[in-house]
Amino acid sequence: MITPNDSAGAGRAPIRRGRPRVGVEPGPSPVVKGSISADEFSLLAELKEETDFNTSALVRDGILLLLARNGKLQINDEAWEARYRLAREVTAERDPVKAQLLEVQESIFRAGLADVDGDGQ
């Protein structure tokens, strides 16, 4: 018995969701896999919670930062920071306790930046 989905087109390529970008050959997206320590995974989970970004978005951002750090890509630092600041603000609006925690973390981070030479002053 032939169902409507497997009629005469049995030899065709499977239907892909979405449309490929103009000029891009159809096919799978490039995938990067790697392992991180349990501590690093815990920190990633904290960042996901703070920003509401999913793991894929954070990994993509990490790769972009690595490429930028090694001179392979230019990133607008102000836009980059604004994106994360906005994400944290939106997340904090939903949870006032988290908002206070994020303020404390930000102030600790800024204090650490002020002491770049490490002399404690």
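Computed from the coordinates by the stated procedures, all read-outs in this text should not be read as laboratory data. Not measured: the values here are computed from a predicted model. Every residue, glycine as well, gets a Cβ built from its backbone with ideal geometry; the counts of neighbours run over all protein chains shown.
Before moving on, here are some points about what is shown:
- Chain lengthening between ASP95 and GLU46 when straightened (0.36 nm per residue, less Cα-Cα): 16.2 nm
- As a rough footprinting exposure proxy, the listed residues ASP77, ASP61 were ranked by other beta carbons within 10 Å of their own, and the order from fewest upward is ASP77, ASP61.
- Set of lysines near LYS98 by C-alpha distance (under 26 Å), chain-local residues within fewer than 8 positions excluded: LYS48
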